[in-house]
Amino acid sequence: MSTRTTPAPVDTAAAAQFWASYAAARPDAVRVAPDYTVERFGDSAELADELLELVAAGAKRATSSLMADFDTESNPLPRIGCHWIVCDSTGAPRLVLRTTELRIGAFHSVEESFAHAEGEDDRTRESWMANHRHYWQRRCATLGRPWDEHSEEILFERFTVVFPLNLAD
């Protein structure tokens, strides 16, 4: 079993500077949607960096979350058009993403095209289900509750990369 390293806290001051650079480069987008969140992917330093690299390389343009996590972590639900700054495992901001599509559904409702857009493993629905089942079982265990793939609501989210400009879609 591999050891999972806890990522460093996100650097909110650096994220604010990163946001200011984005705002200078894309003032119209910021004027329409001026709020942002600062986040990272996954539950470990290794997963945060692995998934961030998939986004930077262009393979990952979707993510999924347990709806219960938004309540547990007191995070607001994303909205279409909202921005989020993604940090790496050291807490440094690396990308600004913009949400383009949201859907709430059951675990088994994941579509093949969504699994492909998540960009992980072999990009099939089957591997998506196996990997996310394992991840959410682990996640729910840390929250002290069981994972039930038949009753958990999942937030399916698609996004685009909007900053830095050399990586933007």
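Structure above, values below:
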item	result
Per residue accessible area in Å² of the chain, where ligands, DNA and RNA are left out and the probe is 1.4 Å	51 Å²
Rounded tilt (10° steps) of 45-56 against the dominant C-alpha axis of the chain	60 degrees
The range 29-169 - percent of accessible surface contributed by carbon and sulfur, probe 1.4 Å	52 percent
Charge dipole (the range 12-169, unit charges on Cβ, about Cα centre) - positive-most of Trp19, Thr90, Pro146	Trp19
Nearest-20 debye value, the range 77-169 charge dipole, Cβ charges on Lys, Arg, Asp, Glu	360 debye
Proximal charge balance of Glu53 [Cβ under 13 Å; K/R count +1, D/E count -1]	-2
Size-normalised alpha-carbon gyration radius of the range 68-122, reference 2.2 N^0.38 Å	1.34
Between helix 12-25 and the chain: long-axis angle, C-alpha atoms, 0 to 90°, nearest 10	60 degrees
Correct choice for Cα extents along the principal axes in Å that was computed from the model, options (1) 39, 35, 31; (2) 44, 31, 30; (3) 75, 48, 30	(2)
Charge dipole magnitude, Cβ of K and R +1, D and E -1 - the chain, Cα centre, debye nearest 20	380 debye
Antiparallel DSSP beta bridges within the range 1-151, as percent of all bridges there, nearest 5	55 percent
Rounded Å value of the spacing that divides the Cα centres of the range 55-123 and the range 3-45	14 Å
Within-13-Å neighbourhood charge of Arg145 [Cβ basis; K, R +1; D, E -1]	-2
Helix 125-142 axis, angle to the chain major axis (alpha carbon atoms, nearest 10°)	90 degrees
Radius of gyration and Dmax over the Cα atoms of the range 111-161, both given in Å	12.0, 34
In nm, spacing of pseudo-spin labels at Leu54 and Asp121 (7 Å Cα→C-beta vector)	1.0 nm
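The values are calculated or read from the model by the stated rules, or taken from the named source; none is laboratory data. In this text, all values refer to a predicted model and were calculated from it rather than measured experimentally. Positions of Cβ are generated from backbone atoms using ideal geometry, with glycine treated the same way; all protein chains shown enter the neighbour counts. Surface areas here come from the heavy atoms of the whole protein model, side chains and all, with no ligands, DNA or RNA. Shrake-Rupley method; radii C 1.70, N 1.55, O 1.52, S 1.80 Å.
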